[in-house]
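Peer 1: Submitted below is the structure of interest, expressed as C-alpha cells.
Readers should treat all values here as calculations from the given coordinates under stated rules, not as data from a laboratory. Treat the numbers as computed from the prediction; the structure is a model and nothing was measured. Cβ coordinates were reconstructed from backbone atoms using ideal geometry, including for glycine residues, and neighbour counts include every protein chain displayed.
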C-alpha cells in the first residue's frame, strides 16, 4: 500500500519540521472529544491532541481522507470513515495509533455517528431497501462485526440517551443533498425525532414547531443538544427530551458551526478553520490552540506528469506547425518531431484560459486572472521574458480570443453578450457588437483573410435563434445576414474573401414519418445541417455551380475553382463588399445534409465536423462543380482548427485518460500513420505549487459565482467582503479537500441550492482493492451466508438483472453460500472479503439447498451498479404493490430527468397508457432537464378513435393516456423533478401527493469547472411563474395532499404516500370511471355525423 507520508519520519524530524504555529498552517475539522483528548481531521488525516496541549500527533497516513472520527466511551478507540477499498466505510483504530480495522462492508455510503454506551459504533448508510438517498442507521460490534439495523427510514444522524432508552435522530437535511446554504426552508429541512429503542412504536418529531433546519443531535443528561440555523447561522441549541424548552446556546453570526460532537458537558465543533470547545454547564467557549508537526506534503511542489488529463483547449498558428495548449490553467507551446516544448511562465496564483498563438507564432495571447479579473495578456511564445497585461477593463467574464490574420487585432467576447476588438498596437479596446444572449452569446467568430471583416454567429436578445452577423472594421458597420427563421452558425470566409460560408439547420425530414407505431414519442429531425454561402462581391460565380455553355471555358471547372489554386497572396487582396446586395442571393453547397459544425475554408475546399452521436469526424468537401461530396479527412476526433493560412489542421483525439493533438497538412485526407504528426505534449511535465493553485481556485470560484449566479445582487451579500473574509482560511489549508470545505462555507452564505462542491485533485489510492456484490441481501447462518432476498427488476430486461438473478446462474432465495472460489465462507464479512476485486470476473459459488450442495458461476458487479440494482428492486416492489391493488392502475418511477430517464419513461409510460389510472412517482428524483417532454405527453388528449371490424379501438391522438393521474413527491424531489411537479400543479394535470419538495429551483449549466476538474457549482437560471413571480428556489413545491412516510412504519414496509396515491385513484375510479371506447351502431345508410366539442 502506497503511503503519502511516514509517521516515523515526521517524529524523527521533529526538531526541524515546520509547525502550524510557525506559519499558521492547519485547517481543522470533524472533531471528537473524550475527557481532554480531541481527535480531528487535518491534511486529510486523523490527528490526536489534548485540550490543554497545543501540539497534535498524526494518527493516519493513508492517501484516502479519514474523517468523521468518534472516540469510544472508554476513550481507547476511534471510529471513523475512510475510502481504503473503493467506498467510504467505517473503521476503528486505537486512539494512540495502530492498524485500522474495517467495521462495515456496506459497499454503499457510510457516515459514522458515534458510539452506543455498550461500545457499539453507530453509523448511517444508504445500503438499505429504498430509493436513492435513503439513509438508515445501524450499529456494529467492533469485536464480532455483527450489525444491527435500527428500524427507522431516512435517518442520517443519531445519538443514544445515556440510559439507553431513546434514540434521537435526524431525518433529511442538506447533508443529504450535499447543498450548502446557511439558512434553508425547503422541503428537505432537517428535523430531529425521538424513538424508544427496541420498541414497535412510531418515532416522535421534536422540532416540528422549530422553523429551521436542524442537525447533529447530541445528548447531555436530560437535554438534546443540536445545531439549528434559525438565527441565520448554524448555532448550538438545546431542548428537553420531549422537544420543549428550546434554547440557543451559542451566538455565532459571522461563522457557522460545521461538524460537532460531545462527551458529557463538553462539545467540540468546527468554526471557520478552528476547533472550539463549549462547556454546556457554564456556557464558556474557547478556541483550541492546535499546531501540527508535519512536512505538509500536500503543500509541497508537485509534478503533474500528465497535464493533458486536464486539457482545456489548443490553438494553432500559421506555418510554424506549433500549438499552444491550455491545461490545468497553465500554458505550453509544443510542436512536432521532439522539438522543444516551451512552458510559458504565467503569473503565480493565476489561471490562464483560451490561449491562442499569433499568426507569426511569436506570441501567445491568453485570458489570465492574475489581476483579480479576466484580462488579456501577451506572452513570448519562446518562453522568454515576462508576460504583459494588455487590458484593464475586465469587468465581465471573458470567453475566447480571435486573432486577426494581420496580427493587429484580437476579437474577444464576454459574459454580458458583447463582442470587443482590441487593437494590439494602441491597446484600445472597442465594443463592436452587443446584446448577445444565451449561455455564450457568440459561439463562433471568424476573420476575413485581409483582416477587414469579422463574421460571427450567436444568439441575440431579440431573436430566438442563432444568426450570422457581418462587421466591417473600416466603417464600423454591422449587419445581420440571416433571418430568425432558422439557426445559422459557424461562418467562415473563403480564402479570397469573396464568399461567406455558414451552416444552417434547414433540412427537416421526420423520423418516424407518421404517428403510428409503438412508443412513438413524436417526430425527431436528425441531420438538419446544410451548408450555405453569401457572395460578398458582385458578379462572382459560386465555386460549386455546375458548368454551363456560358462559361468562358466550356466544360471545365469555373474560374473560381481554378483561382483556388493560385498563390495565396493574390487571393488575399482586399475585395469590395456589396453591402446592399449580400443577402439578395443565397447559395447552397450541393452536399447531403448532416449534423454539421465547425466549418472552415481553405484554398481548395471546405472542412466541417460531422457528428453521429458521440462520434465526430472531420469531413473535407473539395471545391468541385461537377460532383462535390464530403470525404472523411480524419475520424474519431473531438474537435479541430484550420490554421489562419489554411495550410495546416490541428485536431484532437482522446487516448485513455489524456488528450492527444496532431498537426497535419490541409489536404483531402489526413495521413493514415499519425506518429509523425503527433504534438509532443507528452514531453510536458508540469511543476506547480499546490498552495498557489489553491489560492487561484479560490479566486476562480469566487469570480465565477459573481459572474454567473442567478442574482447579480448576490442575494444582498457584499461579495467582495465575503471574499476578504474567507481568503485568510485559504492561507491555512494543507490539503485539497480543505479547500472544498472553504468553498462550501463561502457558497453557503448565498443561501442557494445547486451549491454542491465536488471532486478536485484529492489523493486516491488507485491500487486499493475494490468491493463487488452479488445483488442480494444476506443473513448469517451456522454453515455460511444465507441468500435472503435477490434483487428483483423488470423480468423482461434480463440485461438489468442482479448477478444472482441471471438466467444462467443457479441460485435462489434460501440457498446458503458455503464457499467462494472453493474457499470456506463463514460470515458476511468473509463473503465481502472474498468478493474484493471480483467485479466483472467469474466467481465460483458453492451453494447448499435443501441439504444438497451444488456449484454455480456468477459474475459480481460493482458497488455503483449494486446501488442501481437496489433502486430497481424498490421500483419493482412498488409496481407490484400497485398492480395487486387494482390491475387498472399503472405505476412508474422517474429516478431523474436525464436522457436515460426519458428512455425509462418510454418503457414504462407506454406500458401503462391504456390503464384507467396512473401513478407517476418522482420521489427522490435527482433532476435533469426533460420535464417538458413528459408533460407534453400528459397534455395530449384523445378526441376520437378508430375501430376496424376485427380489432380493438385505438385513439387519435395515438397512445394517449386517458385516465386519472396522481404524482408523488417528497422532501428529496430535487431540481427538474420539482419543475415537473410544478408543471403538473400549475397546469392542473393531477394532484401532488406527499411532501414539499427540496427547493432547488434555479438551474445551472455546470460550466464552472476549476483547474483541477473540481466543481463549485453555481445556480444560474431562475424560474418564474407566468405571473412573473420567482418560484420554487429555497421553498419547493407543496403537495395538494400532504402525506408523510413516517420513519418506523416506513422501515417496516409501509409506504403511506404510495397508499394515499392508490386510495385516491381507487376513489376516483369509483366516482368518475373511465368510459371504455365503444362504437355505436353505424347507420345502415347515409353520411356520418358531425363532430362535437368534447365536454
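Peer 1: Give me the extension gain from residue 146 to residue 721: residue separation times 0.36 nm, minus the current Cα-Cα distance, reported in nm with one decimal.
Peer 2: Here the answer is 201.9 nm.
Peer 1: Thinking of the range 452-637 as a set of Cα atoms, what percent of all their pairs are more than 25 Å apart?
Peer 2: 41
Peer 1: What does the helix-only formula give at 222 nm for the chain: each DSSP H stretch with n ≥ 4 adding -39500 (n - 2.57), the total divided by the residues, and the result rounded to the nearest 500 deg cm²/dmol?
Peer 2: -4000 deg cm²/dmol
Peer 1: So if we plug the beta-carbon distance of residue 185 and residue 102 into 1/(1 + (r/R0)^6) with R0 = 41 Å, what FRET efficiency do we get, rounded to 0.05?
Peer 2: The calculated FRET efficiency here is 0.55.
Peer 1: So, by mean Cβ neighbours within 10 angstrom, what's the order for 139-149, 30-40 with the highest one leading?
Peer 2: Sorting 139-149, 30-40 by mean packing, highest first, produces 30-40, 139-149.
Peer 1: Additional query: Can you give me the Cα centroid spacing of the range 760-802 and the range 346-391 in angstrom?
Peer 2: That distance is 51 Å.
Peer 1: Taking the number of other C-beta atoms within 10 Å as the exposure measure, put 445, 324 in order starting with the fewest.
Peer 2: 445, 324
Peer 1: Using alpha-carbon positions, what is the distance between the centroids of the range 738-759 and the range 807-862, in Å?
Peer 2: 43
Peer 1: How big is the Rg/Rh ratio for the range 82-173, C-alpha atoms only, Rh by Kirkwood, two decimals?
Peer 2: Radius of gyration relative to Kirkwood radius: 0.96.
Peer 1: How far apart, in nanometres, would the label points at residue 53 and residue 287 be if each is projected 7 angstrom from Cα along the Cα-to-Cβ direction?
Peer 2: 2.3
Peer 1: Would you mind calculating the gained length between residue 465 and residue 295 on full extension (0.36 nm times residue separation, minus the Cα-Cα distance), in nm to one decimal?
Peer 2: 55.5 nm
Peer 1: Treating the angle as unsigned and between 0 and 90°, give the value, to the nearest 10°, between the Cα long axis of helix 1056-1071 and the longest Cα principal axis of the chain.
Peer 2: 70
Peer 1: Could you work out how far apart the two model spin labels at residue 1059 and residue 338 are, taking each label as a point 7 Å from the Cα in the direction of the beta carbon, and quote it in nm?
Peer 2: 7.6
Peer 1: Counting other beta carbons within 10 Å of each residue's own, what order do 183, 637 fall into, fewest first?
Peer 2: Going from sparsest to densest Cβ surroundings: 183, 637.
Peer 1: Please work out the FRET efficiency for the pair residue 197 and residue 826, using the Cβ-Cβ distance as r and a Förster radius of 51 Å; give the result to the nearest 0.05.
Peer 2: Once the sixth-power term is evaluated, E becomes 0.95.
Peer 1: Now, a different point. Which of the peptides 334-343, 693-702, 312-321, 873-882 is most tightly packed, and how do the rest follow, going by the mean number of other Cβ atoms within 10 Å of each residue?
Peer 2: Per-residue mean Cβ counts within 10 Å order the peptides as 693-702, 312-321, 873-882, 334-343.
Peer 1: Residues of the range 97-120 with amide nitrogen under 20 Å from the 7 Å Cα-to-Cβ point of residue 36?
Peer 2: 97
Peer 1: Over all distinct Cα pairs, what is the inverse of the mean 1/r for the range 1013-1076, reported as the Kirkwood hydrodynamic radius in Å?
Peer 2: So the Kirkwood estimate lands at 16.2 Å.
Peer 1: List the residues of the range 336-367 whose backbone N lies under 20 Å from a point placed 7 Å from the Cα of residue 689 along the Cα-to-Cβ direction.
Peer 2: Once the point is set 7 Å along Cα→Cβ of residue 689, 343-353 turn out to lie under 20 Å by backbone N, inside the range 336-367.
Peer 1: Considering the Cα positions of the range 772-862, please state its Rg to one decimal place and its Dmax as a whole number of Å.
Peer 2: 12.1, 36
Peer 1: What ranking do 992-1001, 456-465, 709-718 get when scored by the average of other Cβ atoms within 10 Å per residue, highest first?
Peer 2: Top of the packing list down: 992-1001, 456-465, 709-718.
Peer 1: Within a 10 angstrom radius of the beta carbon, how do 589, 333 rank from fewest other beta carbons to most?
Peer 2: Exposure proxy ranking, most exposed first: 589, 333.
Peer 1: So for the range 7-296, what are the equivalent ellipsoid semi-axes in whole Å, largest first, each being the square root of 5 times an eigenvalue of the Cα gyration tensor?
Peer 2: Taking √(5λ) for each Cα gyration eigenvalue gives 30, 23, 17 Å.
Peer 1: If one takes the longest principal axis of the Cα atoms in the chain, at what angle in degrees, from 0 to 90 and to the nearest 10, does the Cα axis of helix 976-987 lie?
Peer 2: Value to nearest ten degrees: 80.
Peer 1: Along the Cα→Cβ direction, 7 angstrom out, place labels at residue 842 and residue 426. What is the inter-label distance in nm?
Peer 2: 7.7
Peer 1: Which FRET efficiency value, to the nearest 0.05, do you get for residue 1038 and residue 764 by plugging their Cβ-Cβ distance into 1/(1 + (r/R0)^6) with R0 = 51 Å?
Peer 2: 0.75
Peer 1: Name the shape class, rounded, prolate or oblate, that the alpha-carbon gyration tensor gives for the range 391-489, where a ≥ b ≥ c are the square roots of its eigenvalues, rounded holds for a/c under 1.5, and otherwise prolate holds if a/b is larger than b/c and oblate otherwise.
Peer 2: oblate
Peer 1: Can I ask one more? With the cut-off at 1.5 for a/c, could you classify the chain from its C-alpha gyration tensor as rounded, prolate or oblate?
Peer 2: The shape class here is oblate.
Peer 1: Still on this model: Tell me the angle of helix 719-732 to the major Cα principal axis of the chain, expressed in degrees between 0 and 90 and rounded to the nearest ten.
Peer 2: 70
Peer 1: Multiplying the sequence separation of residue 251 and residue 1077 by 0.36 nm and subtracting their Cα-Cα distance, what value in nm do you get?
Peer 2: Fully extending the segment from residue 251 to residue 1077 adds 290.6 nm.
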